[in-house]
1. Would you tell me the accessible area of Phe65, worked out with a 1.4 angstrom probe on the heavy atoms of the protein chains, in Å² to the nearest 10?
2. For Lys339, what accessible area in Å² do you get when you roll a 1.4 Å probe over the heavy atoms of the protein chains, rounding to the nearest 10?
3. What residues have an amide H closer than 5 Å to that of Tyr192, excluding those fewer than 5 places away on the same chain, when H is modeled at 1.01 Å from N in the peptide plane?
4. Rolling a 1.4 angstrom probe over the protein heavy atoms, how many square angstrom per residue are accessible across the stretch 263-363?
5. If you roll a 1.4 angstrom probe over the protein chains with everything in place, what fraction of the accessible area of the stretch 7-97 belongs to carbon and sulfur, to the nearest %?
6. Ignoring ligands, DNA and RNA, how do Asp23, Asp229 rank by accessible area with a 1.4 Å probe, largest first?
7. Please report, ordered by residue number, every helix of the chain (full DSSP H runs) that is 24 Å or longer along its axis going by C-alpha atoms and whose mean Kyte-Doolittle hydropathy reaches -1.0.
8. Around Ser208, with a cut-off of 12 angstrom between Cβ atoms, what is the net charge of the other residues, counting Lys and Arg +1 and Asp and Glu -1?
Amino acid sequence: MCTKEKSLEIAKSMGNYSEEMLDKMRMAMEKVGLGDSTYLPKTLLTNSPNLCLETSLKEAQDVMFGSLDLLFEKTKIDPKDVGILIVNCSVFDPVPSLSCMIVNHYKMNENVLSYNLGGMGCTAGLLSLRLANQLLQVHESTYALILSTENTSHSCYFGNDQSKIIPNCTFRVGGAAILLSNHPSHRNSCKYELLHDVHCHGASSDRSYKSVFLEEDDHGLIGVSITKDLLIAATHAIETNLTSLAPFILPLSEKLIFFKNFIMTRKKYVPNFTKIDHFLPHVGGLPVLNQLQKKLGFSDLAMEASKISLRRFGNTSSSSIWYILAYAEAKGRIKKGDKIWQMAFGSGFKCSSVIWRTIRNVDTNDMKNPWKEESDALIDLDLDINAPAHDYFQPPKST
């Protein structure tokens, strides 16, 4: 666990960053909405940080095996019973793969279908769900296991290119394991039923494709660049996703208005999506969440899970949507019959939405919920809702 000030001290001690860049990093962490209880790799908290392949592997193993050990203990299933394994991690792609590491560690069966998704950004968790869903259509009575994570040891940027330091300021250590089943007898023990998954991909546009880009700076240092086209790319991807999703979740009256407007006027019309029981968007960053809230008209309470997850855990990339859902579970908000909308967006530029139906009331006393040991989390929602989503470097308004 590491405070914002401690992370800046670590950055300063490494001697790579100018004073100007350290000031920008401080402003970025405040602007993006991080708190003082997020997690960094253990190696960064030592006196002599050594970011190398070994430390990246150690972080991956700690997160993956930690998550999976909890899942297997919680569900009481044998790892050998898993028929489908999908692992997603964008920037770290060792040989053998992360999925191979899991198969080896848990001695899974030789016929397990194993997939390793890389470079797919913060949407990879929901894209993994789509792949699992499609595979479960053709493989009967089996378990599909998804492991979503990112590797911060491998993605740190040590240069002074302003466009590449945002990931240093937002991404933190985290991961999640998700178990799915298509066996009829498992229905009563499951929490959720997958109803719809809708995905859109904007990479055919050069502006979208290059809005989040892994590349070298002028000194040969590798980092992820975030350009000013990000806001345009994200807006287009989200609007396209909403258009595809609307027929599945809107009430009939709203569908009629939506289609009438689309067919007759071709003007942009934002339907009323607030009738959904739970809207749980990817944490992205506080300016992004504020803009999304303003665009779709959701209340502060509806956005609370995402904003508090961002403050407590930071942006854990593809796994963040599961921290958000866990928060709603821990608060006792998930009831039988509720519909849950998870949304994620990331490099490409891509946007994905998944709709679940709750099969049973969710136990709020789950001791393995990451929020179980937390006191009531609070967040100041009185923030600048008009803050542009790409402008992390402007000093916050004085209060």
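1. 30
2. Accessible area, nearest 10 Å²: 80 Å².
3. Those qualifying (amide H under 5 Å, at least 5 residues apart or on another chain) are Ile359.
4. 35
5. C and S fraction of accessible area: 51 percent.
6. The most accessible residue leads, giving Asp23, Asp229.
7. Working: long enough: 53-75 (32 Å, 0.01); 230-249 (27 Å, 1.20).
In the chain, the long hydrophobic H runs are 53-75, 230-249.
8. That works out to +1.
The values are calculated or read from the model by the stated rules, or taken from the named source; none is laboratory data. Given the structure is predicted, the values throughout are model-derived calculations rather than measurements. Virtual Cβ from ideal backbone geometry, glycine too; neighbours counted across all protein chains shown. Remember, those area values only see protein heavy atoms, side chains included, never the ligands or the DNA or RNA. Shrake-Rupley method; radii C 1.70, N 1.55, O 1.52, S 1.80 Å.
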